Amino acid sequence: MPGKTQQTRGFLGIDCGTQGTKALLMDEAGNPMGRGYAQHALIERPSGAREQDPKWWIDALRVSVKQALADQDIQPQALGVSGQQHGLVVLDQDKRVIRPAKLWNDTETAPQNQQVVDRLGGKQAFFARFGIVPLTGYTVSKLLWLKQQEPENFARIRHLLLPHEYLNFWLTGRICAEYGDASGTAYFDVRSRRWIREVLDVIDEGSGQLSAALPPLIEAEEIVGVLRPEVAEELGITPSCMVSAGGGDNMMGAIGTGNVCEGRVTLSLGTSSTVYSFHRKPASDPTGQVAPFCSSSGGWLPLVCTMNATNVVTQTLQMLGKTVEDIDNALQTTPPGADGMVFLPFLNGERTPDLPLARGTLTGLSANNFSPAHLIRAVAEGVSFGILNGLDLIQNSNKVERMLVIGGGARSAAWRQLLADSSGTLVEVPVEEEAGCLGAAMQALYAWSHQSGRPQTFAEIADRWVKVDASRSAVPRPQLRQLYVTARERYANELQKGYGVKQLNSDTQ
């Protein structure tokens, strides 16, 4: 009988993203056993507001988890939650949600972000004191916006949560935080790993209201708790199921791609695009372009995020009456650089570089490139060059040997080849596409193993669980290297001409 118990251990990963919630049930050997998905609605306003009702996340969690567990004999021993970073969930004294959550891609708080930075002496002073520079989209600016625009709601705040923390609270009844997601708030010192009261004091004028609303922090090997009985019954999970600390979607994506030791880079092409790499020491970038986040696996995760990625490509395809199946053909039938067409893809403002009010720019049109295929290539290159510039910043001239690509954009073979050719780096794709879900399940196993007295390391778990699909790898083609160097230089020139931004390029340092 002990052998049978061993075979039926399961670990559940839940990823609450912008567009929906996914669930992935894994067995202890690292095999996927069940999946689920449910969409979210999104509140959008011309002001740049992007919000969601946290109730929608819970509803989607219910649906996706039940789908993943349907017709399964395996029971999860532990679960982990991955959540979109930077979102602000505020609760009152009765722990009820006060208003819809403002999300990572909410740009109407840009003025408040600048005000917070200015009140603490500017970017350089902020970085010197706290090791991070707030960017539009980080959590801190949402608090000042709330105080200025909705003072009655601000006065009711008694608990500050991030999206994954709110789901953990619903699952267990306990409010707590962990270092990875906390490091994206900008009221957390990434070097000392502590909350920063000084930042919150400039918002609540030293009343202590906000610092008193901060949750306690726990380590990756600790658990938030076990499921509330009523939640366990509703989801069909044993009440003894542990809930791990969880983390932000990028932190869980790092774990889910085996990015838990130095030397590996993960690039995510989703609604936003991110690139990050595990480090054992905190990053140091006083410009603020590199987010010096903590990882959710005991180290640091310097990261660059751009806010315009597959969403811009999808909009372009829809405008042209095309589908995602047309991406590969467009890239394969047009040359690197799109015959001179350059697209700055800032349809939603931009976070890196920090241009919250920027708009998209299309230049270099000619009779030779005025075609749908060229436009699709220019858009894909614009998205790709922006995030690869971010990779150059993170690596600081250190060559990347291999890059794992995840997210919707990774499904395109031609887009993967574009990334390989333009970066000069081997591009690989994990077998499991849902890296956020997988990372959350891996963290759940990690925490369960420590709580059970049989501790495993993240590296040991990654060796078993993270597999690469060799058939989808893209090897850089040296004969195209110079064409892409020229294309990236043209992109950098347009960025400097339009916005005065100088971007680091690995071939022009």
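Of the residues 261, 437, ranked by 1.4 Å probe accessible area with the largest first, the sequence reads 261, 437.
Is the shape of the chain rounded, prolate or oblate, going by the alpha carbon gyration tensor and its root eigenvalues a ≥ b ≥ c, with a/c under 1.5 for rounded and a/b larger than b/c for prolate? Judged from the Cα gyration tensor, the chain comes out oblate (a/c at least 1.5, b/c at or above a/b). What net charge is computed for the residues neighbouring residue 25, neighbours being all others with C-beta under 14 Å from the C-beta of residue 25, Lys and Arg scored +1, Asp and Glu -1? After counting each charged neighbour, the total is -3. The overall shape of segment 139-192 is oblate: from the C-alpha gyration tensor, with semi-axes ordered a ≥ b ≥ c, the ratio a/c is 1.5 or greater and a/b is no larger than b/c. Using θ = phi - 60° in the Karplus curve 6.51 cos²θ - 1.76 cosθ + 1.60, the 3J(HN,Hα) couplings for segment 209-222 round to 4, 6, 5, 6, 8, 6, x, x, 9, 10, 7, 5, 7, 8 Hz; x is entered for Gly and Pro. Taking all protein chains as they are arranged and a probe of 1.4 Å, the heavy atoms of residue 295 leave approximately 10 Å² accessible to solvent.
Against the criterion of solvent-accessible heavy-atom surface with a 1.4 angstrom probe, 480, 362, 344 sort, most first, into 362, 480, 344.
Rounded to the nearest 0.05, the FRET efficiency derived from the C-beta distance between residue 262 and residue 367 at R0 = 60 Å is 0.75. Filter the cross-link list 123/502; 22/55; 142/502; 22/66 down to pairs whose alpha-carbon distance in this structure exceeds 21 Å. Going by Cα-Cα distance, 142/502 fall outside the 21 Å limit.
Residues whose amide H comes within less than 5 Å of that of residue 468, counting only those at least five positions distant or on another chain, are 431 (H built at 1.01 Å from N in the peptide plane). Shown here for segment 313-416: trypsin sites (Lys or Arg not before Pro) in loop regions (DSSP other than H, G, I, E, B) with at most 10 other Cβ atoms within 10 Å, namely 399.
The distance between label points at residue 281 and residue 324 comes to 4.1 nm (points 7 Å beyond Cα on the Cα→Cβ vector). If you take the Cα centroid of segment 129-152 and the Cα centroid of segment 381-456, the two points sit 29 Å apart. Summing +1 for each Lys or Arg and -1 for each Asp or Glu among the other residues whose beta-carbon sits under 9 angstrom from that of residue 38 gives +1. In this structure, the amide hydrogen of residue 28, modeled 1.01 Å from its nitrogen in the peptide plane, lies closer than 5 angstrom to those of 9, counting only residues at least 5 positions away or on a different chain. Normalised by 2.2 N^0.38 Å, where N counts its residues, the alpha-carbon radius of gyration of segment 329-371 equals 1.39. Annotation: residue 37 carries an accessible surface of approximately 90 Å², with a 1.4 Å probe and no ligand, DNA or RNA atoms counted.
Surface listing: 394, 43 arranged by accessible area from highest to lowest gives 43, 394, probe 1.4 Å.
Solvent exposure of segment 1-149 amounts to 39 Å² per residue of accessible area, where only protein heavy atoms count and the probe is 1.4 Å. Shown in residue order for segment 48-59 are the 3J(HN,Hα) couplings computed by the Karplus curve 6.51 cos²θ - 1.76 cosθ + 1.60 at θ = phi - 60°: x, 5, 9, 9, 9, 7, x, 4, 5, 5, 5, 4 Hz (x for Gly and Pro). Given their separation in residues at 0.36 nm each and the Cα-Cα distance between them, residue 486 and residue 357 gain 43.7 nm when the chain is fully extended. For segment 192-331, the solvent-accessible area of protein heavy atoms averages 35 Å² per residue (probe radius 1.4 Å; ligands and nucleic acids excluded).
The local environment of residue 233, defined by Cβ-Cβ distances under 13 Å, has a net charge of +1 under the rule Lys, Arg +1 and Asp, Glu -1.
Residue separation of residue 95 and residue 464 scaled by 0.36 nm, minus their Cα-Cα distance, works out to 128.9 nm of gained length. On the principal axes of its alpha-carbon atoms, segment 344-465 has extents of 67, 31, 29 Å, going from largest to smallest. Extension gain, residue 212-residue 118: 0.36 nm per intervening residue step, less the Cα-Cα distance, totals 31.5 nm. When restricted to Cα atoms, segment 105-195 yields an Rg and a Dmax of 13.9, 40 Å, respectively.
Remark on residue 265: its backbone amide H falls under 5 Å from those of 402, 404, a criterion applied only to residues 5 or more positions apart or on other chains, H modelled at 1.01 Å from N. Computed from backbone phi with θ = phi - 60° and the Karplus coefficients 6.51, -1.76 and 1.60, the 3J(HN,Hα) list for segment 309-326 is 9, 5, 4, 6, 4, 4, 4, 5, 4, 5, 4, 8, x, 10, 10, 4, 5, 8 Hz; x is used for glycine and proline. Expressed as a whole percent, the accessible area of the chain that falls on carbon and sulfur atoms is 49 (1.4 Å probe).
For the chain, the mean residue ellipticity at 222 nm estimated from helices alone is -11000 deg cm²/dmol, where every DSSP H run of n ≥ 4 contributes -39500 (n - 2.57) and the total is divided by all residues, rounded to the nearest 500.
Given a Förster distance of 22 Å, report the FRET efficiency between residue 72 and residue 232 from their Cβ-Cβ distance, rounded to the nearest 0.05.
Rounded to the nearest 0.05, the efficiency is 0.90.
Rounded to the nearest 10 square angstrom, residue 433 shows an accessible area of 80 square angstrom against a 1.4 Å probe.
Sketch the reach of a paramagnetic label on residue 53 as a point 7 Å from Cα along Cα-to-Cβ, and name the residues of segment 145-188 whose backbone nitrogen lies under 16 Å away. It comes to no residues whatsoever.
The values are calculated or read from the model by the stated rules, or taken from the named source; none is laboratory data. Just so it is clear, the structure is predicted and the values come from calculations on it, not from any experiment. Neighbour counts are summed over all protein chains in view; Cβ atoms, including those assigned to glycine, are modelled from backbone coordinates with ideal geometry. With ligands, DNA and RNA removed, areas are computed over all heavy atoms of the protein, side chains included. Shrake-Rupley method; radii C 1.70, N 1.55, O 1.52, S 1.80 Å.
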